[in-house]
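Novice: Take this structure, written in structure tokens, and hold onto it; I'll ask about it next.
The values are calculated or read from the model by the stated rules, or taken from the named source; none is laboratory data. These figures come from a predicted structure and were not determined experimentally. Cβ sites come from the backbone with ideal geometry, for glycine too, and all protein chains shown count toward neighbours.
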Amino acid sequence: MKVSSRRTLLRLAALALPGALAGCGFALRGAPSFSFERLALAGFTPRSPLAEALRVHVARLPLRLVEPAQAQVLLHMERESHTKTSVASTAAGQVREWQLLLEAEFRLSSPNDDVLLPRTALRLTRDLSTTEAQALAKEQEEANLRRAMTQEAVGMLMRRLAAVRPR
């Protein structure tokens, strides 16, 4: 097959793909819709990466972060931990692989303490290989993985919040 006809086929396929996807009912997941407008965060540690990511994310939504007295829904963070554990090492004792772990346990309630969502756990892990020769690059990779894990946890939490229907 000639190069020009191959390009033509690729162009036609690229043009037909969006129409085929739209016809099958495929749609990108949009921003979640919430049955409440005011949310309060409680129980987070002072410089919690998860709380900071939540504040940034909520600022782009039709939700407002308010004090607990004015909230329709309270998000209580029961436990949040970010750990790094060695999972593989050489015979000389040098670590070759780490496992990053983000664990969060939270619950949702109304201001008068009605349970909207019982204690729920989120657990995310990522594996990180390492070598001493690339220490600086691996530090940057670890920071990027931690940020990605935090963003994924925020997305999971937001989907759970969207499913809640206060009374």
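Novice: In this structure, does T150 turn out to be part of a strand (DSSP E or B) and either over 15 Å from L50 (Cβ atoms) or of a type outside the set (G, A, S) (or both)?
Specialist: Working: part of a strand (DSSP E or B): no; either over 15 Å from L50 (Cβ atoms) or of a type outside the set (G, A, S) (or both): yes.
Judged against the criteria, T150 is not a match.
Novice: Could you check the range 73-131 and list, in sequence order, the residues that are in contact with a helix residue (DSSP H, G or I) (Cβ under 6 Å, 6 or more places away or on another chain) and not aliphatic (A, V, I, L, M)?
Specialist: Within the range 73-131, E80, R126, T130 meet the criteria.
Novice: Among the residues of the range 85-119, what is the count of those that are touching a Leu at 6+ places or on another chain (Cβ under 8 Å) and closer than 25 Å to E152 by Cβ?
Specialist: Here is the first cut: in the range 85-119, the residues touching a Leu at 6+ places or on another chain (Cβ under 8 Å) are 85, 97-111, 115-117.
If we keep only those that are closer than 25 Å to E152 by Cβ as well, we get 85, 97-109, 116-117.
Qualifying residue count for the region: 16.
Novice: If only one of T83, T90 is β-branched (V, I, T), closer than 21 Å to P46 by Cβ, out of contact with any Pro (no Cβ under 9 Å at 6 or more places or on another chain) and surrounded by fewer than 12 Cβ atoms within 10 Å (Cβ to Cβ), which one is it? Quick ask: steps written out before the conclusion?
Specialist: Numbers: T90 fails: closer than 21 Å to P46 by Cβ.
Step by step, each of T83, T90 is checked, and only T83 is β-branched (V, I, T), closer than 21 Å to P46 by Cβ, out of contact with any Pro (no Cβ under 9 Å at 6 or more places or on another chain) and surrounded by fewer than 12 Cβ atoms within 10 Å (Cβ to Cβ).
Novice: If you don't mind, there's one more thing I want to ask. Within the range 135-145, is there a residue that is of a type outside the set (G, A, S) and touching a helix residue (DSSP H, G or I) at 6+ places or on another chain (Cβ under 7 Å)? It would help to see each step written out before you state the result.
Specialist: Within the range 135-145, the subset of a type outside the set (G, A, S) is 136, 138-142, 144-145.
Okay, now just the ones that are also touching a helix residue (DSSP H, G or I) at 6+ places or on another chain (Cβ under 7 Å), so none.
No, the range 135-145 contains no residue that is of a type outside the set (G, A, S) and touching a helix residue (DSSP H, G or I) at 6+ places or on another chain (Cβ under 7 Å).
Novice: Do we have A91 as in a loop (DSSP other than H, G, I, E, B), of a type in the set (A, V, I, L, M, F, W, C) and more than 17 Å from the chain's Cα centre (by Cα) here?
Specialist: Details: in a loop (DSSP other than H, G, I, E, B): yes; of a type in the set (A, V, I, L, M, F, W, C): yes; more than 17 Å from the chain's Cα centre (by Cα): yes.
Answer is yes for this residue.
Novice: Counting just the residues of the range 130-160 that are within 13 Å of the chain's Cα centre (by Cα) and of a type in the set (A, V, I, L, M), which one comes out nearest to R96 (Cα to Cα)?
Specialist: L145
Novice: For A69, work out the one condition from (1) of a type outside the set (D, E, K, R); (2) within 22 Å of S109 (Cα to Cα); (3) surrounded by 10 or more Cβ atoms within 10 Å (Cβ to Cβ); (4) modelled with pLDDT of 90 or more it doesn't fulfil.
Specialist: All conditions pass for A69, except number (3).
Novice: Between a residue in the range 155-167 that is farther than 17 Å from L65 by Cβ and any residue that is in a helix (DSSP H, G or I), which pairs come within a Cβ distance under 9 Å, given they are 6 or more apart or on different chains?
Specialist: Within 9 Å, the pairs are G155/H57.
Novice: For the range 63-116, give me each residue that is of a type in the set (G, A, S) and in contact with a strand residue (DSSP E or B) (Cβ under 7 Å, 6 or more places away or on another chain).
Specialist: First, pick out the residues of the range 63-116 that are of a type in the set (G, A, S): 69, 71, 81, 86, 88-89, 91-93, 104, 109-110.
Correct list: A71, S81, S86, A88, S89, A104, S109, S110.
Novice: Under 9 Å between Cβ atoms, which residue pairs at least 6 apart in sequence (or on different chains) link something in the range 94-107 that is outside any strand (DSSP E or B) with a partner that is surrounded by 15 or more Cβ atoms within 10 Å (Cβ to Cβ)?
Specialist: Q94/T130
Novice: Test S48 against the criterion of being at pLDDT 75 or above, of a type in the set (S, T, N, Q) and exposed (fewer than 10 other Cβ atoms within 10 Å of the Cβ), and give yes or no.
Specialist: On the way: at pLDDT 75 or above: yes; of a type in the set (S, T, N, Q): yes; exposed (fewer than 10 other Cβ atoms within 10 Å of the Cβ): no.
Judged against the criteria, S48 is not a match.
Novice: Among the numbered conditions (1) assigned to a strand (DSSP E or B); (2) at pLDDT below 95, tell me where A135 comes up short.
Specialist: (1)
Novice: Quickly run through the range 108-124 and pick out the residues that are assigned to a strand (DSSP E or B) and loosely packed, with under 15 Cβ neighbours inside 10 Å.
Specialist: V115, P118, R119, T120, A121, R123
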